[in-house]
1. Which angle between 0 and 90 degrees, to the nearest 10, do you get for helix 41-52 versus the longest principal axis of the chain when only C-alpha atoms count?
2. Taking θ as phi - 60°, what are the ³J(HN,Hα) couplings along segment 76-83 by the Karplus curve (6.51, -1.76, 1.60), each to the nearest whole Hz, with x for Gly and Pro?
3. In degrees, nearest 10, range 0 to 90: what is the angle between the Cα axis of helix 2-21 and the longest Cα principal axis of the chain?
4. Rounded to the nearest 0.05, what FRET efficiency do SER43 and GLU98 give with R0 = 41 Å and r taken as the Cβ-Cβ distance? Could you check?
5. What's the magnitude of the charge dipole for the chain around its Cα centre, counting Lys and Arg as +1 and Asp and Glu as -1 at the beta-carbon? Answer in Debye, nearest 20.
6. Where does the longest stretch of the chain lie that holds no trypsin sites (Lys or Arg not before Pro) found in a DSSP loop with 10 or fewer other Cβ atoms within 10 Å?
Amino acid sequence: MHESALARQVLETVLQQAVFLRTSRIRVVRGWVAETKSLSPESLSSQFATHARGTRAEGARLLLNLIHVEVRCRTCGRTYAPEHHQLRCPVCGSADGEQLGQTGLAVTAIEVD
């Protein structure tokens, strides 16, 4: 489950920051996730809540902007939304696709007690 791995990555990042800030509770986590795959915001939040149990982030709200990165086929020029990280063009079948944006994950702010 892709959302579980991303949620765990976000949690590890904010827990490290909480130690650095010497705070006891994390209330809100803000950031973004840019992917070539459709993500479920509900599943991501649910996975975060599950992984956060028993930590300083238990009960924290996860507010991530989900950005879907499109791909442009270098063979036929078609722009499309890839499925399951597959860059194969749905028109010509070429696997030579160029991602039209940065992928990844960033935590931009956390609210703490």
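1. 40 degrees
2. For segment 76-83, the Karplus-derived couplings read 10, x, 5, 9, 8, 9, x, 10 Hz, x marking Gly and Pro.
3. Helix 2-21 and the main axis of the chain meet at about 40 degrees.
4. Working: r = 28 Å, r/R0 = 0.69.
For SER43 and GLU98, the calculated efficiency is 0.90.
5. Charge dipole of the chain: 200 debye, to the nearest 20.
6. 54-113
No value in this document is a laboratory result; all are computed from the given coordinates. What you see is a predicted model; the values in this text were computed from it and never measured. Note that each Cβ is placed from the backbone with ideal geometry, even for glycine, and that neighbours are counted across all protein chains shown.
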